[in-house]
Amino acid sequence: MRIYRPTLTAERTGAEVDFIVSALALPEGAELLDLACGYGRHAVAMARRGFRVTGLDFNPHYLEIAREEARAAGVEARFVTGDMRELGFDGGFDGIYSFFTSFGYFSDAENERVIAGVARALRPRGRFLIDMVNRDWLLTHPQQRTWTQRDDGALLMEEITLDLQSSRVISRQTLIESEGARVQKEFDLRAYTCAELTALLARHGLVRDGLWGGSDRREHSTESRRLILAAALAVDGPREDPR
């Protein structure tokens, strides 16, 4: 959180929430699940707009911050600790969103369990929005090393590579804070093509009906860093359960 939070401004969050509401075509007062909600920046903003929001994350510390943010904003939102591979919800949500590359950190089989759980948690015709790094962009920009000077004086170095055999992204980040302290983080996640992700959703009754290359609604292409898909649950509900 020390690495990213200073860049996640209220203005940026507001623009992303505008996009989520529009892309999901949400009715007033819809019941939503923020999947891997972190410290609740989207969930609290959604609650401010009158939506009934549940945020799920595996990190209790982040969830406590989310609860404090909701109290400070004077809104109601439910935050629960949980593993997205073991979603225990059954058909109660009008919409679910997974934003800021919160999906793909597990094996292919476990990632599929996540999508199966999403489908089970949606009402018929409920909608799902997923935002990920765009694998096609990584193919045309195979090794990325960037240095970013933040407004607070900290310097962030990020190196991103794509393993072509496993189709997994490896990210190494180093934050050098203004007083000289260093924070290092490394993670890897599965990168999907648009076709792969569309097929994965379809196996669980989620039919893609929206595609973008960013929350600014740019076209998805090899030059867009993001892959964002919207899908609707078929009337007959989920089709497969990999368990």
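No value in this document is a laboratory result; all are computed from the given coordinates. In this text, all values refer to a predicted model and were calculated from it rather than measured experimentally. Cβ atoms come from the backbone with ideal geometry, glycine included; neighbour counts cover every protein chain shown.
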Using a basic spin-label model with each label point 7 Å from the Cα along Cα→Cβ, how many nm lie between Arg218 and Thr146? 1.0
Packing-ranked peptide list from 89-101, 9-21, highest mean Cβ count within 10 angstrom first, is 89-101, 9-21
Which residues qualify? For Arg218, with a placed amide H closer than 5 Å and at least 5 residues away or on another chain, they are Gly213
Add -39500 (n - 2.57) for each DSSP H run of 4 or more in the chain, then divide by its residues: what number comes out at 222 nm, to the nearest 500 deg cm²/dmol? -8000 deg cm²/dmol
May I have the pair-distance distribution P(r) for the stretch 136-190, computed from all Cα-Cα distances with 10 Å bins from 0 and rounded to whole percent? 23, 45, 24, 8, 0
Label assignment, semi-axes √(5λ) of the Cα gyration tensor in Å derived from the structure, set (1) 27, 23, 16; (2) 30, 23, 14; (3) 30, 19, 18: (1)
With the Cα gyration tensor of the stretch 31-155 giving a ≥ b ≥ c as the square roots of its eigenvalues, does the rule (a/c under 1.5 for rounded; else a/b larger than b/c for prolate; else oblate) give rounded, prolate or oblate? oblate
What shape does the stretch 33-76 take by its C-alpha gyration tensor, where a ≥ b ≥ c are the square roots of the eigenvalues and a/c under 1.5 counts as rounded, a/b above b/c as prolate, and the rest as oblate? oblate
Shape call for the stretch 77-144 from the C-alpha gyration tensor, a ≥ b ≥ c root eigenvalues: rounded (a/c under 1.5), prolate (a/b greater than b/c) or oblate? prolate
Quick check on packing: order 67-74, 144-151, 45-52, 113-120 by the mean number of other C-beta atoms within 10 Å, highest mean leading. 113-120, 45-52, 67-74, 144-151
Just how far, in whole angstrom, is the stretch 85-101 from the stretch 149-205 if you go by their alpha carbon centroids? 22
Residues whose placed amide H lies under 5 Å from that of Gly55, excluding near-sequence neighbours: Asp34, Arg78, Phe79, Val80
Return the long-range amide H neighbours of Arg168 (sequence gap of 5 or more, or a different chain), with a cut-off of under 5 Å between placed amide H atoms. Asp163, Ala191
